[in-house]
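The values are calculated or read from the model by the stated rules, or taken from the named source; none is laboratory data. Just so we're clear, the structure is a prediction, and the values are computed from it rather than from any experiment. For neighbour counting, all protein chains shown are included, and Cβ atoms are generated from backbone atoms with ideal geometry for every residue, glycine included. Only protein heavy atoms, including side chains, enter the accessible area calculation; ligands, DNA and RNA are left aside. Shrake-Rupley method; radii C 1.70, N 1.55, O 1.52, S 1.80 Å.
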Amino acid sequence: LSDPSSPQTMALTWLLQDRRLATNYSPQRILQRYSMATFYYATQGDEWLANDLWLSNGSECDWFNKASFLGACNRNQELVNLELDQNNIAGSLPPEMGLLSSLERLTLRGGPVSFLSGTIPSELGLLTNLRVFYIRANRLYGTLPPELGMWTELEELDVSRNRITGQLFSEIGNFRDVRFFDVSANSLSGPIPSELGNMKKCRKLFFEENNFFSSIPSEVGHLTL
């Protein structure tokens, strides 16, 4: 927080300007507002195609979100759906997103002009309620953090069409409820982990356009694709 121009410092400065903060919000809501504000600054929110009500004094559940059909928050005003597909989200994902502990859906498909870059923070592994993670068609690089293996409730994952490198982590075996899994069109390499066979509920699986050098593990035969 020593850098006044960092997303974290700007988010904290914005948060502390609310004189009603301590009386109007629970500690969890304060963390939620801070995390969302950090995300806004880290992804150049002023340049989004739509950012209605973001950083307003109103409830963060009313800030622009394409999850209108599902609803952004639950009855406790905890953010469960954050969907900003093709909204010119740029910059990088801040580790503070790991504070959104109730989040179930995170969809940030890139475009139409701007795209996310940087790495996927390992702190996202703290989102243990996550069921849907769509972040396709961006410019993310680096490896897939093994901490994502803590997403034991995960049902759908799409990180295709990025610049992700390295190997798939063996913790993929924790994705026992996954139905859709797409890591295609990246630069992944190494062997395909045999733990893939634990994803017995998976119906659609995409690995093409990568640099895997092993044969398909026999455990894939456990899947009913």
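If Leu15 meets every condition in (1) open to solvent by 40 Å² or more (accessible area, probe 1.4 Å); (2) not in a loop (DSSP other than H, G, I, E, B) apart from one, which number is that one?
Going through (1) open to solvent by 40 Å² or more (accessible area, probe 1.4 Å); (2) not in a loop (DSSP other than H, G, I, E, B) one by one, Leu15 breaks only (1).
Open to solvent by 10 Å² or more (accessible area, probe 1.4 Å), of a type in the set (A, V, I, L, M) and either in contact (Cβ under 8 Å) with a residue 24 or more places away in the chain or under 22 Å from Pro27 (Cβ atoms) (or both): does that describe Val159? Lay out the reasoning, then the answer.
Values: open to solvent by 10 Å² or more (accessible area, probe 1.4 Å): no; of a type in the set (A, V, I, L, M): yes; either in contact (Cβ under 8 Å) with a residue 24 or more places away in the chain or under 22 Å from Pro27 (Cβ atoms) (or both): yes.
In short, no.
Within the range 166-218, restricting attention to residues that are surrounded by fewer than 18 Cβ atoms within 10 Å (Cβ to Cβ) and aliphatic (A, V, I, L, M), which residue is farthest from Val132 (Cα to Cα)?
The residue in question is Ile216.
Spot the failing condition for Gly45; the list is (1) open to solvent by 20 Å² or more (accessible area, probe 1.4 Å); (2) in contact with a helix residue (DSSP H, G or I) (Cβ under 9 Å, 6 or more places away or on another chain), and only one is missed.
For Gly45, the failing item is (1).
Check off (1) among the hydrophobic types (A, V, I, L, M, F, W, C); (2) modelled with pLDDT of 90 or more; (3) more than 24 Å from Thr165 (Cβ to Cβ) for Leu223 and give me the number that stays unchecked.
Unmet for Leu223, out of (1) among the hydrophobic types (A, V, I, L, M, F, W, C); (2) modelled with pLDDT of 90 or more; (3) more than 24 Å from Thr165 (Cβ to Cβ): (2).
Could you tell me which residue of the range 32-56 is farthest from Gly110 (Cα to Cα), considering only residues that are of a type outside the set (A, V, I, L, M, F, W, C) and not in a helix (DSSP H, G or I)? Don't jump to the end; show me each part of the working.
First pass over the range 32-56, keeping only residues of a type outside the set (A, V, I, L, M, F, W, C): 32-35, 38, 40-41, 43-47, 51-52, 56.
Filter again for not in a helix (DSSP H, G or I), leaving 43-44, 51-52, 56.
Working: Thr43: 12, Gln44: 13, Asn51: 16, Asp52: 19, Ser56: 25 Å.
Selected residue: Ser56.
From the list Leu124, Leu103, which one is outside any loop (DSSP other than H, G, I, E, B), in contact with a helix residue (DSSP H, G or I) (Cβ under 9 Å, 6 or more places away or on another chain) and open to solvent by less than 10 Å² (accessible area, probe 1.4 Å)? First the steps, then the outcome.
On the way: Leu103 fails: outside any loop (DSSP other than H, G, I, E, B).
Result of the check over Leu124, Leu103: Leu124.
Being over 21 Å from the mean Cα position of the chain (by Cα), modelled with pLDDT of 90 or more and among the polar types (S, T, N, Q), is that true of even one residue in the range 33-49?
First, pick out the residues of the range 33-49 that are over 21 Å from the mean Cα position of the chain (by Cα): none.
Taking every residue of the range 33-49 in turn, none turns out to be over 21 Å from the mean Cα position of the chain (by Cα), modelled with pLDDT of 90 or more and among the polar types (S, T, N, Q).
So that you can scan it fast, the table gives a plain yes or no per residue for (1) within 16 Å of Leu205 (Cβ to Cβ); (2) of a type in the set (D, E, K, R):
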residue: Ala137; (1), (2): no, no
residue: Glu147; (1), (2): no, yes
residue: Met150; (1), (2): no, no
residue: Ser160; (1), (2): yes, no
residue: Arg163; (1), (2): no, yes
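Please tell me if Asn76 is outside any helix (DSSP H, G or I), out of contact with any Ser or Thr (no Cβ under 7 Å at 6 or more places or on another chain) and either farther than 15 Å from Leu124 by Cβ or open to solvent by 40 Å² or more (accessible area, probe 1.4 Å) (or both).
Details: outside any helix (DSSP H, G or I): yes; out of contact with any Ser or Thr (no Cβ under 7 Å at 6 or more places or on another chain): yes; either farther than 15 Å from Leu124 by Cβ or open to solvent by 40 Å² or more (accessible area, probe 1.4 Å) (or both): yes.
The answer is yes for Asn76.
Conditions tested, residue by residue: (1) closer than 26 Å to Glu156 by Cα; (2) open to solvent by 50 Å² or more (accessible area, probe 1.4 Å); (3) touching a helix residue (DSSP H, G or I) at 6+ places or on another chain (Cβ under 8 Å); (4) hydrophobic (A, V, I, L, M, F, W, C).
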position	(1), (2), (3), (4)
Tyr25	no, no, yes, no
Thr38	yes, no, yes, no
Tyr41	no, yes, yes, no
Ser59	no, no, no, no
Ala67	yes, no, no, yes
Glu96	yes, no, yes, no
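With (1) more than 19 Å from Arg179 (Cα to Cα); (2) open to solvent by 70 Å² or more (accessible area, probe 1.4 Å) as the list, and Ala137 as the residue in question, which single condition is left unmet?
(2)
How many residues are open to solvent by 10 Å² or more (accessible area, probe 1.4 Å) and more than 25 Å from Phe213 (Cα to Cα) if we restrict to the range 140-155?
4
On the given criteria, is Thr143 within 24 Å of Gly71 (Cβ to Cβ), touching a strand residue (DSSP E or B) at 6+ places or on another chain (Cβ under 6 Å) and not aliphatic (A, V, I, L, M)? It would help to see each step written out before you state the result.
Working: within 24 Å of Gly71 (Cβ to Cβ): no; touching a strand residue (DSSP E or B) at 6+ places or on another chain (Cβ under 6 Å): yes; not aliphatic (A, V, I, L, M): yes.
Answer is no for this residue.
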